[in-house]
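See below for the structure under consideration.
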Amino acid sequence: MADKLALMNMTGAVQPRPPRVAIVIEWLTLLGGAEMVLREMLQVFPEADLFALLDTLPEPSREALGLTGRRVTTTWMQHVPNIGRWYRGLLPLMPLAARSHDLRDYDVVISSAYAVAHHVRVAPGAVHLVYCHTPIRYAWELRDRYLEDAGLDRGVRGWLARRLLDWIQRGDARAAQRPHSYAVNSRYVAGRVLRHYGREATVIWPPADIEYFTPGAVREDFYVAASRMVPYKKIPLIAQAFSQHLPQHRLVIIGDGPDMPQVRAAAGPNVQVLGAQPRDILRNYLRRARAFVFAAQEDFGILPVEAQACGTPVLAYGVGGAQETVVDGETGLFFWEQTPEAVAQVVRRSETRSFDPERCRANAERFAVPRFREQLLAWVALHAPGVLTGR
């Protein structure tokens with residue numbers, strides 16, 4: 001890559017120049033954990049150009065990510081009518097869309113991937129690095145759950161869906177061999193990347209904005225859940241737990257997404273569904289809640305960290321990234337089945353325990369933004385030393 005990282009001045013002397021950096025993500029539609037990682041990537045590489053399959057992000061979310069006025073290069077998917085509502089249905093075509101990005105002029109390409117961003121093609125001699133949130137869930141470990149949730153777990157349609165996912169899986173595994181290096185957001189995902197892709201990965205925990213999410217309010221008698229409302233997050237399950245098994249307990253749910261109708265249907269009189277809310281409202285509820293309830297089998301899960309940064313304990317499904325972010329018995333409690341009954345049981349159990357807000361806060365400080373930025377830059381510089389030029 002050295003010949004690409006140099007320019008000739010007027011006297012003919014070779015002058016080093018910083019490499020051109022591209023950051024590639026899947027899509028910009030909602031504000032979530034992967035998007036907050038993107039925000040910090042752009043802080044580390046402020047001159048990087050940003051690429052996405054599509055971009056329908058509303059302005060308040062753009063401002064929160066520092067994207068106001070920043071150009072985002074999209075693909076043909078951007079021009080499909082009403083794409084923001086049903087883009088997930090185009091999953092089989094997404095690898096082709098990712099490969100349509102023109103990255104020939106870039107020396108370093110960083111893909112922030114949980115679906116197809118790692119499928120991009122880079123120029124000969126360029127360095128392609130992947131920060132992997134997870135191998136695509138639809139095709140790998142959660143495929144049976146997704147098929148069941150979609151009603152595609154039986155019959156001819158189910159057989160066709162499985163063959164399609166087999167095809168996606170094979171293409172995903174092939175694409176995973178091309179990048180130069182992988183980093184992942186948790187030890188849990190590192191195991192998946194090794195198992196599915198045969199690739200070793202550097203663990204770089206995502207950043208939590210613990211300077212923003214801080215303690216600062218009197219505790220009140222309610223619980224809070226917040227998430228993008230997609231099937232694996234299990235928000236309807238939490239609503240059902242409180243409606244059917246904890247009718248005397250108040251629950252506040254924050255977020256939006258495809259599962260919103262199921263959430264509203266499961267919500268009883270004691271469950272308040274607020275929909276999507278700005279960060280200051282989310283922080284306000286996290287500061288005041290008795291506990292944050294988290295039922296997803298998550299790859300990492302930034303919201304449990306943000307809750308603990310507010311001094312709030314977390315009641316979490318004890319599989320996946322929660323094992324790395326919550327200290328069972330000290331900063332929260334684990335439950336072991338994704339059922340309304342298990343959620344209700346852990347809520348009752350939490351009311352017999354005392355949690356130290358300062359201990360919760362101290363645990364969250366392990367995931368501070370400066371640590372993420374330093375580790376991200378070190379990882380990129382290891383494989384593309386030219387990124388340090390001019391720093």
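Does V327 count as hydrophobic (A, V, I, L, M, F, W, C), surrounded by fewer than 24 Cβ atoms within 10 Å (Cβ to Cβ) and within 14 Å of V189 (Cβ to Cβ)? Walk me through how you get there before you give the answer.
Numbers: hydrophobic (A, V, I, L, M, F, W, C): yes; surrounded by fewer than 24 Cβ atoms within 10 Å (Cβ to Cβ): yes; within 14 Å of V189 (Cβ to Cβ): no.
It is false that V327 is hydrophobic (A, V, I, L, M, F, W, C), surrounded by fewer than 24 Cβ atoms within 10 Å (Cβ to Cβ) and within 14 Å of V189 (Cβ to Cβ).
A289: touching a residue at least 60 places away in the same chain (Cβ under 8 Å), of a type in the set (G, A, S) and within 19 Å of A239 (Cα to Cα), yes or no?
Numbers: touching a residue at least 60 places away in the same chain (Cβ under 8 Å): yes; of a type in the set (G, A, S): yes; within 19 Å of A239 (Cα to Cα): yes.
Taking the combined requirement at face value, the residue satisfies it.
Any residue at all in region 251-274 that is surrounded by fewer than 21 Cβ atoms within 10 Å (Cβ to Cβ), under 19 Å from G332 (Cβ atoms) and of a type outside the set (A, V, I, L, M)?
The answer is no; no qualifying residue exists.
Just the residues that are under 15 Å from A289 (Cβ atoms) and either assigned to a helix (DSSP H, G or I) or of a type in the set (K, R) (or both), please, taken from region 239-258. Walk me through how you get there before you give the answer.
From region 239-258, those under 15 Å from A289 (Cβ atoms) are 242, 246, 249-255; that's our starting set.
Result: F242, R250.
Could you list, ordered by first residue, the pairs with Cβ atoms under 7 Å in which the first is in region 353-367 and surrounded by 15 or more Cβ atoms within 10 Å (Cβ to Cβ) and the second is in a helix (DSSP H, G or I) and modelled with pLDDT of 95 or more, at least 6 apart or interchain?
Pairs found: C360/Q308; R361/Q308; R361/A309; N363/Q308; A364/V305; A364/Q308; A364/A309; F367/V305.
Quick check on region 314-336. Is at least one of its residues over 23 Å from I210 (Cα atoms), aromatic (F, W, Y) and touching a helix residue (DSSP H, G or I) at 6+ places or on another chain (Cβ under 8 Å)?
yes
So N284 clears everything in (1) within 20 Å of S61 (Cα to Cα); (2) in contact with a strand residue (DSSP E or B) (Cβ under 8 Å, 6 or more places away or on another chain); (3) surrounded by fewer than 22 Cβ atoms within 10 Å (Cβ to Cβ); (4) of a type outside the set (V, I, T) except one condition, right? Which one?
Condition (2) is where N284 drops out.
Are any of the residues in region 146-156 touching a Leu at 6+ places or on another chain (Cβ under 7 Å), buried (at least 17 other Cβ atoms within 10 Å of the Cβ) and either in the same structural domain as Y232 (by TED's automatic domain parsing) or not polar (S, T, N, Q) (or both)? Quick ask: steps written out before the conclusion?
Of region 146-156, the ones touching a Leu at 6+ places or on another chain (Cβ under 7 Å) are 153.
Adding the requirement that they be buried (at least 17 other Cβ atoms within 10 Å of the Cβ) leaves none.
No, there is no match, as no residue in region 146-156 is touching a Leu at 6+ places or on another chain (Cβ under 7 Å), buried (at least 17 other Cβ atoms within 10 Å of the Cβ) and either in the same structural domain as Y232 (by TED's automatic domain parsing) or not polar (S, T, N, Q) (or both).
So which of P236, P261 ends up being part of a helix (DSSP H, G or I), of a type outside the set (S, T, Y), free of Cβ contacts under 8 Å to residues at least 40 places away in the same chain and under 24 Å from E351 (Cβ atoms)? Write out each step before concluding.
Numbers: P261 fails: under 24 Å from E351 (Cβ atoms).
The conditions single out P236.
Just one of (1) assigned to a helix (DSSP H, G or I); (2) free of Cβ contacts under 8 Å to residues at least 24 places away in the same chain; (3) touching a helix residue (DSSP H, G or I) at 6+ places or on another chain (Cβ under 8 Å) trips up Q177, so point out which.
Unmet condition: (1).
Which of the residues belonging to region 164-216 are over 17 Å from the mean Cα position of the chain (by Cα) and acidic (D, E)?
Answer for region 164-216, where residues must be over 17 Å from the mean Cα position of the chain (by Cα) and acidic (D, E): D166, D172, E200, E211.
What is the number of the single condition among (1) in contact with a strand residue (DSSP E or B) (Cβ under 8 Å, 6 or more places away or on another chain); (2) closer than 21 Å to R290 by Cβ that E200 does not meet?
Only one criterion is unmet by E200, namely (2).
Please work out if I136 is hydrophobic (A, V, I, L, M, F, W, C), touching a helix residue (DSSP H, G or I) at 6+ places or on another chain (Cβ under 8 Å), surrounded by fewer than 21 Cβ atoms within 10 Å (Cβ to Cβ) and free of Cβ contacts under 8 Å to residues at least 40 places away in the same chain. Talk me through it step by step, then tell me what you get.
Values: hydrophobic (A, V, I, L, M, F, W, C): yes; touching a helix residue (DSSP H, G or I) at 6+ places or on another chain (Cβ under 8 Å): yes; surrounded by fewer than 21 Cβ atoms within 10 Å (Cβ to Cβ): no; free of Cβ contacts under 8 Å to residues at least 40 places away in the same chain: yes.
When the stated conditions are applied, I136 does not pass them.
Taking strands (runs of 3 or more DSSP E) that fall entirely within region 1-100, which contain at least 3 residues that are at pLDDT 85 or above and not acidic (D, E)?
Numbers: elements: 6-8, 14-16, 21-25, 49-51.
Per the criteria, 21-25.
If you check A123, A98, which single one turns out to be buried (at least 22 other Cβ atoms within 10 Å of the Cβ) and on the phi < 0 side of the Ramachandran plot?
None of the other options fit; the residue is A98.
The values are calculated or read from the model by the stated rules, or taken from the named source; none is laboratory data. Computed from a prediction, not measured in an experiment: that's the story for all the values here. Every residue, glycine as well, gets a Cβ built from its backbone with ideal geometry; the counts of neighbours run over all protein chains shown.
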